[in-house]
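Below is one structure, written out as structure tokens; the observations come after it.
The values are calculated or read from the model by the stated rules, or taken from the named source; none is laboratory data. Keep in mind that this is a model prediction, so the values were computed, not measured. Please note: Cβ atoms are built from the backbone with ideal geometry, for glycine as well, and neighbour counts cover all protein chains shown.
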Amino acid sequence: MTQVVLFNVFNGLIVGAFYALMALGLSLILNLSGVINFAHGGFLALGAYLAYTLIPYIGFWGALIVAPPLTAALGLVVEWLLIRPLYGKDPLYGLLLTFGLAYIFEDVTRLIWGAQSVPFQVPGWLMTSLSSQLFFITGYRVFMVIIVTAAVGGLFAVLKYTRLGMRIRAGTRDLDTVSTLGVNVRVLRSLNFGIGIYMAGLAGVLAAGLLGLSPTIGANLIMPSFVAIIVGGLGSLLGTLLGGLMIGVASGLAAVYFPSATEAVIYVMMGLVLLVRPRGLLGEEGRLH
Amino acid sequence: MPKSNWRAGVNRRTLVKSGAALAAAQFASPFVIRARAADAVKIGLDNPLTGTYAGPGKNELVGCQMALDEINAKGGILGRPVELLVEDSSSGDAGTAVQKARKLIEGDKVDFLLGNVNSALALAMAQVSNEKGILHIVPGGHTDAITGASCHWNVFRVCNTTQMEAAAVCAALVKEYGKKFYYITPDYAFGHTLESGMVKAAGALGGERVGGDLAPLGAVDFSSYLIKAQAANPDVIVFLVQGDDMLNAMKQAVQFGLQNKVHLAGAQQEMEPLEGLPPEARIGTWVLEWYWNQPGVPHVAEFVEATKKRTGRVPTARTWFGYLSVWTCALAAAKANSLKAVDMAKALQDFHLPSEIALGPNPAFYRAGQNQLLASLFVGNAQPSGSAPDDLFHVTDVVNGAAIASSVEESGCKMTWPT
């Protein structure tokens, strides 16, 4: 029994890392722009399908490199055309728009690639388990954790050490002052959105190797991302990362003790956090009032 | 300051107007296949077009369309052209399915109601169709209750019951793999009845349930369940999850290399998830309800060709369900020489479908007193590829549904007819 629990905790961390990747992109966009991007799952699905389409031409590794920036480019177009008019307004407008976009993306992927799931091939050598005992630690999951760590590390490095990152961080605190100081806030928001969508696209390519690739792949993953942000704390990227890991582990433990509640448990956690500490574990007070 | 070239804010009037427009859109015409004719016979299809079950729903729709074209080419129903009105029931929201059913029956005045892939939605819709006295064919909702404890005189079901699927596959599993089963079951009506059917059928052969988990519908990650399953040391891990859940579970199980330690199998399998799995994950013993590759069985090849011409792919069991469902409507009306639901329902009791619609080695007929279609079940093994690119299933045994179905009494169906 202890082994099952330990395995599930460990596996939960791996799955949680994946949730964290998606949640971080979402959090980035939310912190700077105040836009609740419900279409994040749709961008994830697009990234996955773009990779699926590219694999026969440039292989899995090529698709991994190319699909996320392509998705980010599409994200920039969406931001420029649709989201920009909503900055500074009630966050509800952004939510409504992106909510509708989520449906549009799902139906567009259904239209282009069909309603049925499509087979997504990952290189065979990634498919083997580390050992017979630790069978759930497959090469692919290790690879996924490495990619997530690199992406998260890269993101934090950009935010801490580059001028763009500094401006984004300053912008999340006080965008008006940043604008007064001469920074082109429009471009800043666009780039920030692009980075967030890049992470969604990357999460999509990784997800397609793990799960079945169908038009609803994003819809199933969007809610854990929101929960990760709420649990970890609005306004804190580190909190989001922790939130993602926590819900992964919670889900894994629920599978051991209360298997039909693996999805419900993350909402219970969210409910508890909202009751006891509404700003989340590492969140700042007064976000999105 | 950033230049804003949009009007500031959305004013309340706009919001109210758009809300009203949205509400009105709910009552707009459904997607109609064929231009409306005043005297057309209408068939209403209330099935998932979005969400988890969009894949099977789409294939059932294709089957319906194929039957519709054939029927209209032959003069329609009782000399009148036939229309198919299509509504999206959603994949899991019973409220939407019921609302659309009411709209089709009361608003569009359909003569027949078809649906739903989701067993729970099918049951909810059956309440409505029974209340309104409309002939209702369920192409692909499997839970036993539809022609069991919750049976109605006006509701007919094409696909197998979960009890039949369990009975068909259990003998093969126990004989070939062993007696200890661990179940991964979707946590809703279909899953519950399928698991209890399996436990019962396996138990009769000496099989033992060493453990199991109920997974929420739409669960994305099965690794925790698979960890538990492996720890229980079964002979077989029985996957009862369907659609995308099946795909995720099998993909992950094979990634873990579990097929090298235990056998992976299940009851109901479908072409849709098999086509979506990477080739190395197309393994295991399953039962299909209809398969396209039936050498020597008349008319099947023509049906396969017609489907390929329309969609570029082979027909799946879902295509056949939709096809047979719409043909049932036409044949029932023809036999009863009437569109009154009670007359047609009576005409369908013990009604045998012609071989060009039955498309299988055994006769296909609706059992009297239960309205359940008994036909063939195809037990076999998934394979990465076969004689043709779409040949993803190797049939080892074709079971006659009539031979393994529980009796009408055992099913719990007590049918009452309107006076």
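Where helices (runs of 4 or more DSSP H) fall entirely within region B:314-413, those with at least 2 residues that are more than 17 Å from the chain's Cα centre (by Cα) and assigned by TED's automatic domain parsing to the domain that holds B:ILE105 are at B:317-336, B:341-347, B:355-358. Look through region B:116-134, keep the residues that are within 18 Å of the chain's Cα centre (by Cα) and aliphatic (A, V, I, L, M), and return whichever of them is farthest from B:GLY51 (Cα to Cα). Within region B:116-134, the match that is farthest from B:GLY51 (Cα to Cα) is B:ALA126. Restricting region B:29-49 to residues that are within 14 Å of chain A (Cβ to nearest Cβ) and modelled with pLDDT of 90 or more, the residue that is farthest from A:ILE104 (Cα to Cα) is B:ASN47. Scanning for something within 13 Å of chain B (Cβ to nearest Cβ) and either of a type outside the set (A, V, I, L, M) or over 26 Å from A:ALA150 (Cβ atoms) (or both), does region A:24-40 turn up at least one residue? The answer is yes; a qualifying residue exists. Candidates B:ALA333, B:ALA317: the one that is within 23 Å of B:ILE404 (Cβ to Cβ), buried (at least 16 other Cβ atoms within 10 Å of the Cβ) and in contact with a strand residue (DSSP E or B) (Cβ under 8 Å, 6 or more places away or on another chain) is B:ALA317. Of the residues making up region A:82-105, those that are part of a helix (DSSP H, G or I) and within 7 Å of chain B (Cβ to nearest Cβ) are A:PRO85, A:TYR93. Report whether or not A:GLY59 is modelled with pLDDT under 95, over 19 Å from A:ARG186 (Cα atoms), surrounded by fewer than 19 Cβ atoms within 10 Å (Cβ to Cβ) and not β-branched (Val, Ile, Thr). Yes, satisfied.
For region A:8-17, does any single residue satisfy the condition of being surrounded by 19 or more Cβ atoms within 10 Å (Cβ to Cβ) and either away from every other protein chain (no Cβ under 14 Å) or among the charged types (D, E, K, R) (or both)? Checked against the condition, which is being surrounded by 19 or more Cβ atoms within 10 Å (Cβ to Cβ) and either away from every other protein chain (no Cβ under 14 Å) or among the charged types (D, E, K, R) (or both), region A:8-17 yields no hits at all. In the set (1) among the small types (Gly, Ala, Ser); (2) buried (at least 24 other Cβ atoms within 10 Å of the Cβ); (3) under 25 Å from A:VAL66 (Cα atoms), the condition left unmet by A:GLY194 is number (2). The selection criterion, being part of a loop (DSSP other than H, G, I, E, B), modelled with pLDDT under 70 and within 14 Å of another protein chain (Cβ to nearest Cβ), holds for B:SER4. B:TRP292 meets all of the listed conditions (1) away from chain A (no Cβ under 14 Å); (2) part of a loop (DSSP other than H, G, I, E, B); (3) surrounded by fewer than 24 Cβ atoms within 10 Å (Cβ to Cβ); (4) not acidic (Asp, Glu) but one, namely (3). Tallying residues that are in contact (Cβ under 8 Å) with a residue 40 or more places away in the chain and more than 29 Å from A:ALA208 (Cβ to Cβ) within region B:193-226 yields 4.
The set of residues in region B:125-142 being buried (at least 21 other Cβ atoms within 10 Å of the Cβ), under 28 Å from B:ASP187 (Cβ atoms) and of a type outside the set (Val, Ile, Thr) consists of B:MET125, B:ALA126, B:SER129, B:HIS136, B:PRO139, B:GLY140, B:GLY141, B:HIS142. In a helix (DSSP H, G or I), crowded, with 21+ Cβ neighbours inside 10 Å and touching a Gly at 6+ places or on another chain (Cβ under 8 Å): is that true of A:ALA72 in this structure? The answer is yes for A:ALA72. With respect to the numbered conditions (1) of a type in the set (Gly, Ala, Ser); (2) in contact (Cβ under 8 Å) with a residue 12 or more places away in the chain; (3) assigned to a helix (DSSP H, G or I), which one is the sole condition not fulfilled by A:SER179? Checking A:SER179 against (1) of a type in the set (Gly, Ala, Ser); (2) in contact (Cβ under 8 Å) with a residue 12 or more places away in the chain; (3) assigned to a helix (DSSP H, G or I), the one that fails is (2). Here B:THR185 fits the description: within 14 Å of another protein chain (Cβ to nearest Cβ) and either part of a strand (DSSP E or B) or closer than 30 Å to B:ALA347 by Cα (or both).
Evaluating B:GLU87 against the criteria (1) assigned to a helix (DSSP H, G or I); (2) of a type outside the set (Ser, Thr, Tyr); (3) surrounded by fewer than 24 Cβ atoms within 10 Å (Cβ to Cβ) leaves one unmet condition, (1).
The residue of region A:110-167 that is nearest to the other protein chains (Cβ to nearest Cβ), among those that are basic (Lys, Arg) and without any contact (Cβ under 8 Å) to a residue 40 or more places away in the chain, is A:ARG167. Could you grab me the full set of residues in region B:147-198 that are small (Gly, Ala, Ser), surrounded by fewer than 24 Cβ atoms within 10 Å (Cβ to Cβ) and in contact with a Gly (Cβ under 7 Å, 6 or more places away or on another chain)? Answer for region B:147-198, where residues must be small (Gly, Ala, Ser), surrounded by fewer than 24 Cβ atoms within 10 Å (Cβ to Cβ) and in contact with a Gly (Cβ under 7 Å, 6 or more places away or on another chain): B:GLY148, B:ALA149. Taken across region B:249-268, residues that are of a type in the set (Phe, Trp, Tyr) and closer than 26 Å to B:LEU113 by Cα do not occur at all. The requirement of being modelled with pLDDT of 90 or more, under 20 Å from A:ILE36 (Cβ atoms), part of a helix (DSSP H, G or I) and small (Gly, Ala, Ser) is not satisfied by A:GLY171. For region A:168-189, a residue qualifies if it is within 14 Å of chain B (Cβ to nearest Cβ) and β-branched (Val, Ile, Thr), and the qualifying residues are A:THR177, A:VAL178, A:THR180, A:VAL183, A:VAL185, A:VAL187. Among all residues of region A:115-133, there is at least one that is over 30 Å from B:VAL262 (Cα atoms), of a type outside the set (Ser, Thr, Tyr) and modelled with pLDDT of 85 or more.
When restricted to residues that are in a helix (DSSP H, G or I) and of a type outside the set (S, T, N, Q), region B:108-133 contains 10.
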